[in-house]
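Each remark here refers to the structure printed beneath this line.
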Amino acid sequence: MNSASHPPAAVPLPQAGHAVRRSWLYLVLFLTFLFALMPFLFWQAAWFGRPLTDAQIEKNLAERDHPRKAQHALSQLADRMLSREPAQRASARRWYPQVVALSSSGVDELRITAAWVMGQDRTASEFHPVLLRLLADPHPMVRTNAALSLILFGDAAGRPVIRSMLEPYPVLAPRSGILAVRLKPGDVVNPGTLLGRIQYGNHKIEIRSQVPGALGRWLVANGTNVWPGQSLLTIAPSEDLVWEMLRALYLIGQPEDMPAIQRYVRGDAGMTERVRQQAELAARAIRSREAENRR
């Protein structure tokens, strides 16, 4: 994973007037580093900081049986994209077609990572349409990373995705059967955490979390028959995830996003003061943009 340090807790508000418009460019540039390290990108702790040679990157990107090797190569490409050395940045471009190809992988982890990596080079026009496509990906973290990366291209098309991640995430039954609950409300979960199982005949199918957060409540009792698409439970978003979404809405939020933001301004979600402060900054930025648009 990228070794960049965490960004500041909050982004300073722009001044009113023409400075609001000028700030867009500066903030987009700042976001290149702001989103360089996001703790919810991968659902297993790993360190991808070990440098790889060109030959190793080439080999790892072709690894279909070992997705983590391909993730390591993608992370190293992100490091090169963010390098201050032009030669390093240029060296990454030869693998851009492979990055685009991995965005269509059947492995969720690779699509999640590819969506993040494409945001590290906002000059790569070939990434823009791919990121727009990924806004409709079946996995929520792919959609989220695509939405964040699009901001770096000056595109706010992913705003509905970002806003939705401030709300409890519904977990649906993948098929019919008898529900066997594993966790209880309040338990912390990460992408990949086993939530429960559905028994059908002599078979079982696992239900795993796709987002980081805490289990809200089960909507169906243990041992109950369920049907495909039925809502089984909700997952409240993690503090880190909420914080990142609020920082994104600071830049691209609109008045219709205010109800979702105000919940965190009021502290209804029970999160720390840094989240409340970031929610206030996002709300103030939206009001400032709205006032500027009326002039």
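The values are calculated or read from the model by the stated rules, or taken from the named source; none is laboratory data. What you see is a predicted model; the values in this text were computed from it and never measured. Quick reminder, even Gly has a Cβ in these numbers, built from the backbone with ideal geometry, and neighbours come from all protein chains shown.
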Look at R122 and say whether it is touching a residue at least 12 places away in the same chain (Cβ under 8 Å) and either farther than 20 Å from A62 by Cα or assigned to a loop (DSSP other than H, G, I, E, B) (or both). yes
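If you take just the helices (runs of 4 or more DSSP H) that sit entirely in segment 11-116, which of them hold at least 3 residues that are at pLDDT below 50 and within 30 Å of V211 (Cβ to Cβ)?
Numbers: elements: 18-34, 54-61, 67-81, 86-92, 96-102.
The qualifying helices (runs of 4 or more DSSP H) are 18-34.
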Determine if segment 138-147 includes at least one residue that is at pLDDT below 95, surrounded by 14 or more Cβ atoms within 10 Å (Cβ to Cβ) and not in a loop (DSSP other than H, G, I, E, B). no
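I want to confirm something. Restricting to segment 200-242 and keeping residues that are part of a loop (DSSP other than H, G, I, E, B) and in contact with an Asp or Glu (Cβ under 9 Å, 6 or more places away or on another chain), which single residue is farthest from P170 (Cα to Cα)? Break it down stepwise before answering.
To start, the set of residues in segment 200-242 that are part of a loop (DSSP other than H, G, I, E, B) comprises 201-202, 209-212, 219-224, 227-230, 238.
If we keep only those that are in contact with an Asp or Glu (Cβ under 9 Å, 6 or more places away or on another chain) too, we end up with 210, 212.
Details: Q210: 10, P212: 12 Å.
By that ranking, first place goes to P212.
So is R287 surrounded by fewer than 17 Cβ atoms within 10 Å (Cβ to Cβ), modelled with pLDDT under 95, not in a loop (DSSP other than H, G, I, E, B) and not small (G, A, S) or not? Outline the logic, then answer.
Details: surrounded by fewer than 17 Cβ atoms within 10 Å (Cβ to Cβ): yes; modelled with pLDDT under 95: no; not in a loop (DSSP other than H, G, I, E, B): yes; not small (G, A, S): yes.
For R287, the condition - surrounded by fewer than 17 Cβ atoms within 10 Å (Cβ to Cβ), modelled with pLDDT under 95, not in a loop (DSSP other than H, G, I, E, B) and not small (G, A, S) - is not met.
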Single condition M258 does not satisfy, out of (1) touching a helix residue (DSSP H, G or I) at 6+ places or on another chain (Cβ under 6 Å); (2) closer than 22 Å to N145 by Cα: (1)
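Within segment 125-134, how many residues are farther than 9 Å from A146 by Cβ and in contact (Cβ under 8 Å) with a residue 24 or more places away in the chain? Talk me through it step by step, then tell me what you get.
Of all residues in segment 125-134, those farther than 9 Å from A146 by Cβ come to 125-129.
Okay, now just the ones that are also in contact (Cβ under 8 Å) with a residue 24 or more places away in the chain, so 126-128.
Residues flagged as farther than 9 Å from A146 by Cβ and in contact (Cβ under 8 Å) with a residue 24 or more places away in the chain within segment 125-134 amount to 3.
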Looking at (1) farther than 24 Å from P228 by Cα; (2) surrounded by fewer than 16 Cβ atoms within 10 Å (Cβ to Cβ); (3) of a type in the set (G, A, S), find the lone condition where G192 falls short. (1)
Among the residues that make up segment 230-237, is at least one of them free of Cβ contacts under 8 Å to residues at least 12 places away in the same chain, surrounded by 13 or more Cβ atoms within 10 Å (Cβ to Cβ), of a type outside the set (V, I, T) and more than 22 Å from S149 (Cβ to Cβ)? no
Conditions (1) at pLDDT 95 or above; (2) over 17 Å from the mean Cα position of the chain (by Cα); number of the one not met by E292: (1)
In segment 243-273, anything surrounded by 16 or more Cβ atoms within 10 Å (Cβ to Cβ), assigned to a loop (DSSP other than H, G, I, E, B) and touching an Asp or Glu at 6+ places or on another chain (Cβ under 7 Å) is listed as M271
